Amino acid sequence: MKRIHDIQNHPIFREEYQKLQEAEKERIFCRHTMEHFLDVARLMYIYNLEDGAGIEKDIIYAAALLHDIGRYEQISRGTPHDIAGSRLAEVIMRDCDFTEEEISWVKRAISGHRISKNDEHTKPSLEVYLYRADKQSRNCFFCPAYGECNWPEEKKNKNICY
């Protein structure tokens, strides 16, 4: 997965990731670490396999690695992270030899990953997988800040999700 390696080593990805880690180092709630990005990727890939959706692994990993990369801009400038992340993803993916169609697909998933499209009538898609995995990757049931979290109770993962 050369293109994923290229994303991980892209100067913009590295810089934004480092700024985000510094900004969140004292955060008591879920942090946006590489573990989170990879948990999201792995969950998305499982959904993809279970549904027989046939989405390429590097597209899934690109979406997962880049879905929260705009968080530092949200913290520092107030830009919603899905908008900032979509913009950053386009630049990074273009530099990493993704096609315009692939870039558009991942940008659409990043732009929509905060909006629930996760009901029984929704056709499986990269966007749906990203939304589900982003939420299900959080282990609320072991979180020391559970009581202080502003997530609604019905969204918190109170048990292992599978």
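The values are calculated or read from the model by the stated rules, or taken from the named source; none is laboratory data. Since the model is a prediction, treat every value here as computed from it, not as a measurement. Don't worry about glycine lacking a Cβ; one is built from the backbone with ideal geometry, like all the others, and counts go over all protein chains shown. Accessible surface is based on the protein model in full, side chains and every heavy atom, while ligands, DNA and RNA are left aside. Shrake-Rupley method; radii C 1.70, N 1.55, O 1.52, S 1.80 Å.
So if I check each of GLN21, GLN74, which one is outside any loop (DSSP other than H, G, I, E, B) and in contact with a Pro (Cβ under 7 Å, 6 or more places away or on another chain)? Give the steps one after another, and end with the answer.
Numbers: GLN21 fails: in contact with a Pro (Cβ under 7 Å, 6 or more places away or on another chain).
Every option except GLN74 fails the conditions.
Name the residues in segment 40-88 that are open to solvent by 30 Å² or more (accessible area, probe 1.4 Å), hydrophobic (A, V, I, L, M, F, W, C) and free of Cβ contacts under 8 Å to residues at least 40 places away in the same chain, would you?
Passing the criteria: ILE46, LEU49, ILE83.
Within segment 133-150, can you find the residues that are assigned to a helix (DSSP H, G or I), of a type in the set (Gly, Ala, Ser) and open to solvent by less than 40 Å² (accessible area, probe 1.4 Å)?
ALA133
Being part of a helix (DSSP H, G or I) and open to solvent by less than 30 Å² (accessible area, probe 1.4 Å) is the filter; apply it to segment 28-39 and report the residue that is nearest to ALA145 (Cα to Cα).
The extreme case among them is HIS36.
Every residue in segment 1-27 that is within 23 Å of SER76 (Cα to Cα) and either of a type in the set (Phe, Trp, Tyr) or open to solvent by 90 Å² or more (accessible area, probe 1.4 Å) (or both), please.
Result: PRO11, PHE13, ARG14, GLU15, TYR17, GLN18, GLU22, LYS25, GLU26, ARG27.
Tally the residues that are aliphatic (A, V, I, L, M), in contact (Cβ under 8 Å) with a residue 24 or more places away in the chain and over 18 Å from ALA109 (Cβ atoms), restricting the search to segment 2-39.
4
Residue check, ILE115 against (1) in a loop (DSSP other than H, G, I, E, B); (2) at pLDDT 90 or above; (3) hydrophobic (A, V, I, L, M, F, W, C), all met but one. Which one?
Condition not satisfied by ILE115: (2).
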